[in-house]
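A.B. asks: After the structure tokens below, expect a handful of questions from me.
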Amino acid sequence: MRTEEAPLDAPEQRQAGDGAEMMVCPSCEQEVPKGSLYCPFCCGEDGRRGAVKRGAFVGGVFGLLAGGLLTAVWSSAVGPEQASWGPVLSITLAAALAGMVVGAISNRKG
């Protein structure tokens, strides 16, 4: 269905039986109407499922970064002999989990 001028990463467009143009979602490869803002198969009927997943991922990344920074400050304050791997890992993972929760909540439908 692609012509020579079309880029290779462009989504394919197909004609549906009722005349509406369709394109293929690059993520799940389901046919969706052309011009859709989101794929109902990937993002749910209202489009928020993808936003919540994206928010949780971004929040988790920032939580890991903040947890690592907090762990570095804490371990330098208490000394390296007191900062064993257990508390360091717990602080970092707790911050990542908190970031995931905050990111998911902030991106859900309000």
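Read-outs: derived from the displayed coordinates by stated rules, not from any lab. Worth saying up front: this structure is predicted, and the values here are computed from it rather than measured. Note: ideal-geometry Cβ built from the backbone for every residue, glycine included; neighbour counts use all protein chains shown.
A.B. asks: May I ask you to verify whether residue 62 is among the aromatic types (Phe, Trp, Tyr), under 12 Å from the mean Cα position of the chain (by Cα) and under 23 Å from residue 104 (Cβ atoms)?
C.D. replies: Judged against the criteria, residue 62 is not a match.
Every residue, every condition in (1) in contact with a Gly (Cβ under 9 Å, 6 or more places away or on another chain); (2) surrounded by 14 or more Cβ atoms within 10 Å (Cβ to Cβ), yes or no:
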position	(1), (2)
50	yes, yes
71	no, yes
76	no, no
83	no, yes
87	no, yes
95	yes, yes
99	yes, yes
103	yes, yes
107	yes, yes
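A.B. asks: In addition: Which count do you get for residues in the stretch 70-110 that are in a helix (DSSP H, G or I), within 20 Å of the chain's Cα centre (by Cα) and not β-branched (Val, Ile, Thr)?
C.D. replies: 11
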